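See structure below.
The values are calculated or read from the model by the stated rules, or taken from the named source; none is laboratory data. The structure presented is a predicted model; accordingly, all values stated were derived computationally and were not measured. Here the Cβ positions follow ideal geometry from the backbone for every residue, glycine too, while neighbour counts run over all protein chains shown. Keep in mind that these areas ignore ligands, DNA and RNA; they rest on the heavy atoms of the full protein, side chains included. Shrake-Rupley method; radii C 1.70, N 1.55, O 1.52, S 1.80 Å.
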Amino acid sequence: MKTYLLVWFSSDGTRPSEVNRALMSLGFQPMQGSYDYVYDWDDNVDVNEILEFGDKVHLSLEGMGVMFKIETIENRT
């Protein structure tokens, strides 16, 4: 499974480079396209694990003045 992340920045918030460092410390990789970052799970995960990971993202970005959207989907073969 993969979790995709889309980030909306504010000019009153933290610099994008600092947000990038925080997200990469969680295991996200930057990407180009419809989403800004991707997290590649090694295996299938359940909803609780995804929600716990979403909580970690929230805590990491708290106070940075950004909004985010996550979407987790199964790997396509």
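Remarks
- Unit charges at the beta carbon, dipole of the chain: most positive-side option, V19, L51, N75: V19
- Qualifying trypsin sites (Lys or Arg not before Pro) in the chain, where qualification requires a DSSP coil assignment and no more than 14 other C-beta atoms within 10 Å, comprise R76.
- The residues of the chain present an accessible area of 69 Å² per residue when probed at 1.4 Å with all protein chains retained.
- Using the Cβ of N48 as centre and a radius below 15 Å, the other residues enclosed give a net charge of -4, where K and R count +1 and D and E count -1.
- Whole-Hz Karplus values for segment 34-50 come out as 5, 10, 8, 9, 9, 10, 9, 6, 6, 8, 5, 10, 9, 4, 4, 5, 5 Hz, taken residue by residue from phi with 6.51 cos²θ - 1.76 cosθ + 1.60 and θ = phi - 60°; glycine and proline positions read x.
- Solvent-accessible surface (1.4 angstrom probe) belonging to D43, in square angstrom, nearest 10: 110
- Charging the Cβ of each Asp and Glu at -1 and of each Lys and Arg at +1, and nothing else, the dipole of the chain about its Cα centre rounds to 340 debye.
- Summed residue charge, Cβ within 11 Å of W8's Cβ, Lys/Arg positive, Asp/Glu negative: 0
- In the assembled protein chains, I73 presents an accessible area of approximately 40 Å² (probe radius 1.4 Å).
- Residue-count net charge about V66 - beta-carbon cut-off 14 Å; Lys, Arg +1, Asp, Glu -1: -1
- Close amide H partners of Y37, meaning residues 5 or more places away or on another chain with modelled amide H under 5 Å apart, are L5, M31.
- Element breakdown for the chain at a 1.4 angstrom probe: carbon and sulfur atoms account for 47% of the accessible area.
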